[in-house]
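Q: Pasting a structure below so you can have a look.
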Amino acid sequence: MISVRIQNVSKRFDSTTALSDVSLEISPGETFFLLGPSGCGKTTLLRVLAGFVFPDQGKVYFGEREVTRIPPYRRKVGMVFQNYALWPHLSVQKNIAFGLEELGIPHSQSAERVAELLQALHLEGLATRHISELSGGQQQRVALARALAVKPPCLLLDEPLSSLDAALRVQMRNELRLLCQQQRITAIHVTHDQKEALATADRLAVMKNGQIRQIGTSEQIYRQPVDSFVANFIGETNLIPGRIIEYSNDKTLVETAVGLLHSTTSPNRFPIGASCIVCIRPEAVQIRAKKIEIENLFSAQITTSTFFGETLESRAETHAGCLKILHWHAEEVNG
C-alpha cells in the first residue's frame, strides 16, 4: 500500500496533447477513479503510471520513490487490462502463477498463493481449465488474480468491467473494492462508467482534453460540480442560465427565466450581477398540482412521462426550456 503522486505531467503524441500539466495525489490504500469521455487522457495517464508511456515533462512518484522513467517490470505494480490479456494456451492456475514464476518464487509458495486467490475470487474448481473455456466474468477474475498474485502495493485497472453484462458488472465492482481493501492495495481505475465510479470510488478525478477538471468524493462532484461539463458528465442534470442578484447567509439568489431561485452558495463566489448556471438534478424536482408558498417554485407543463418500474421519468416545458424530472417512486403526475 503506497501513495501515488503525479507532478505537472504532460504528454504529446505528434500534434495531439494527451496530457497537459496534470498533477494529482492519491493516498495509500485509496480506491481512486479516473473518469472522462473517450480521448480525455485518462488511459494515457494510467499508462504513464504503469511505465508503458514516459511523459514529455513532469514526474511520477510511488511513495517517496521517483519512477518517471523506470520501466514497467521495475515498478512493482499490478495491471488489469481492458481485454484481460490472458495467456490462452495456459490453464487458469498457470495464468495466475505466471508473475510469481517470473519473480523466481519457490513452487510451494507460488501454489499456496494461487490457491488463496482461487478461493478469494471464487474460482475453485476452475484451476485446470483453459481460458477459452471460461465466461467473461471468470476471465475477468483470472486477470485480477494474476495481477494480485505478486502482492503489488498499487493496482492499475483499465476499464476491466466494460465487457461484462450489467448485473455481473455490479457484482464484480463490489467484490473488487472489498478485495483491494482486504489486500491493502492502492487501486487506480480508468472508466467512462459514471455509476461505477460514483458507487466504488473513495475519490475520483473528472478529465477533459488532457486536463483534470475536478477532484473529489463522489458526493462532492455530484452535488458541487465546478462547471457545466462536470455537471453534465456525472449523472444527468438540468442547467438553467441565470444572473446573481444577492447573497444571503449560505444561499445565493439567482434570477432565471423560470423566476428567482435560491441556490446553495458555491465555495467560489461570483460577483453580484455575474452570469451563472444553476444545476438542478432531476431527482431534486418535485411536482405540485397546487401552488404553495415555498422557495424555488415555478410553473411547468408536463409533456411526457416514461415508466421504468421503480422510477418515473417526466419531461416538462418551462420558460427556460425542457426540464427532466425523476421520481424514485412512480406516482400519478398531473400537469
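The values are calculated or read from the model by the stated rules, or taken from the named source; none is laboratory data. Just so we're clear, the structure is a prediction, and the values are computed from it rather than from any experiment. Cβ placement follows ideal geometry from the backbone for every residue including glycine, while neighbour counts extend to all protein chains displayed. The protein model used for the area step is the full one, side chains on, heavy atoms only, and it has no ligands, DNA or RNA in it. Shrake-Rupley method; radii C 1.70, N 1.55, O 1.52, S 1.80 Å.
Q: Structure shown: which of LYS94/LYS151; LYS11/LYS208; LYS42/LYS208; LYS251/LYS324; LYS42/LYS195; LYS251/LYS291 lie over 19 Å apart, alpha-carbon to alpha-carbon? Mind dumping the intermediate values first?
A: Numbers: LYS94/LYS151 17 Å; LYS11/LYS208 14 Å; LYS42/LYS208 9 Å; LYS251/LYS324 24 Å; LYS42/LYS195 17 Å; LYS251/LYS291 23 Å.
From the list (LYS94/LYS151; LYS11/LYS208; LYS42/LYS208; LYS251/LYS324; LYS42/LYS195; LYS251/LYS291), the Cα-Cα distance tops 19 Å for LYS251/LYS324; LYS251/LYS291.
Q: For MET207, which sequence-distant residues (separation of 5 or more, or a different chain) have an amide H within less than 5 Å of its own amide H, given hydrogens modelled in the peptide plane?
A: Excluding prolines and chain starts, which carry no amide H, the hits are LEU35, GLY36, ARG213.
Q: Quick one: go through region 279-298 and flag any residue whose amide nitrogen is under 17 Å from the point 7 Å out along the Cα-to-Cβ line of LEU260.
A: Residues passing the 17 Å test: 292-298.
Q: Moving to a separate point now. Could you pull out the longest piece of the chain with no exposed loop trypsin sites (Lys or Arg not before Pro) in it, calling a site exposed if DSSP puts it outside H, G, I, E, B and it has at most 15 other Cβ atoms within 10 Å? Could you put the intermediate results ahead of the total?
A: Details: sites that count: ARG69, ARG129, ARG184, ARG269, ARG288, LYS290, LYS291.
The reported range is 185-268.
Q: Let's test the formula: R0 of 56 Å, r as the Cβ-Cβ distance of LYS151 and SER275. What FRET efficiency results, to the nearest 0.05?
A: For LYS151 and SER275, the calculated efficiency is 0.60.
Q: Quick check on the chain: helices-only [θ] at 222 nm, where DSSP H runs of length 4 and up contribute -39,500 (n - 2.57) each and the sum goes over total residues. Nearest 500, please.
A: Working: 8 runs with 85 residues, N = 335.
The per-residue figure over the chain is -7500 deg cm²/dmol.
Q: Report D for region 195-303 in µm² per second (integer): Stokes-Einstein, Kirkwood Rh on Cα pairs, 4 °C, 1.567 mPa s.
A: Once the numbers are plugged in, D ends up at 84 µm²/s.
Q: Another question, then. Which chymotrypsin sites (Phe, Trp or Tyr not before Pro) in region 67-100 sit in a loop by DSSP (not H, G, I, E or B) and have at most 16 other Cβ atoms within 10 Å of their own Cβ? Please list the in-between numbers first.
A: Working: sites: TYR73, PHE81, TYR84, PHE98; in loops: PHE81, TYR84.
Answer by residue number: PHE81.
Q: Say each of LYS195 and ARG74 gets a label point 7 Å from the Cα, pointing the same way as Cα to Cβ; how far apart are those two points in nm?
A: Roughly 4.4 nm, to one decimal.
Q: Which residues make up the longest stretch of the chain that has no GluC sites (Glu not before Pro) in a DSSP loop with at most 14 other Cβ atoms within 10 Å?
A: 125-235
Q: Kindly report the accessible area of region 69-113 per residue (heavy atoms of protein chains, probe 1.4 Å, no ligands, DNA or RNA), in Å².
A: Details: 2890 Å² over 45 residues.
On a per-residue basis, region 69-113 sits at 64 Å².
Q: Out of the total accessible area of region 1-144 (probe 1.4 Å, heavy atoms of protein only), what percent is carbon and sulfur?
A: Solvent-exposed carbon and sulfur of region 1-144 make up 48 percent of the total.
Q: From the C-alpha coordinates alone, can you work out the Kirkwood hydrodynamic radius of region 42-103, in Å?
A: Numbers: mean 1/r = 0.0750 Å⁻¹.
Evaluated over region 42-103, this radius sits at 13.3 Å.
Q: Checking a compactness column here: for the chain, what do you get for Rg(Cα) / (2.2 N^0.38 Å), N being the number of residues?
A: 1.20
Q: Could you work out how far helix 107-120 tilts from the main Cα principal axis of the chain, as a 0 to 90 degree angle to the nearest 10?
A: Approximately 30 degrees, to the nearest ten.
Q: Now for a different question. How large is the direction-averaged shadow of the alpha-carbon convex hull of region 134-221, in nm²?
A: Averaged projected hull area, Cα only: 6.2 nm².
Q: With everything on Cα atoms, drop me the angle between helix 166-183 and the longest principal axis of the chain, reported from 0 to 90° to the nearest 10.
A: 60 degrees
Q: Tell me, what is the per residue accessible area of region 205-329 in Å², probe radius 1.4 Å?
A: 60 Å²
Q: Per 5 Å bin, what is the whole-percent P(r) computed from every C-alpha pair distance within region 9-155?
A: Once binned at 5 Å, the Cα pair distances of region 9-155 give 2, 9, 17, 18, 17, 14, 12, 8, 4, 1, 0.
Q: First measure r as the distance between the Cβ atoms of GLU246 and GLU293, then evaluate 1/(1 + (r/R0)^6) with R0 = 35 Å and state the FRET efficiency to the nearest 0.05.
A: 0.95
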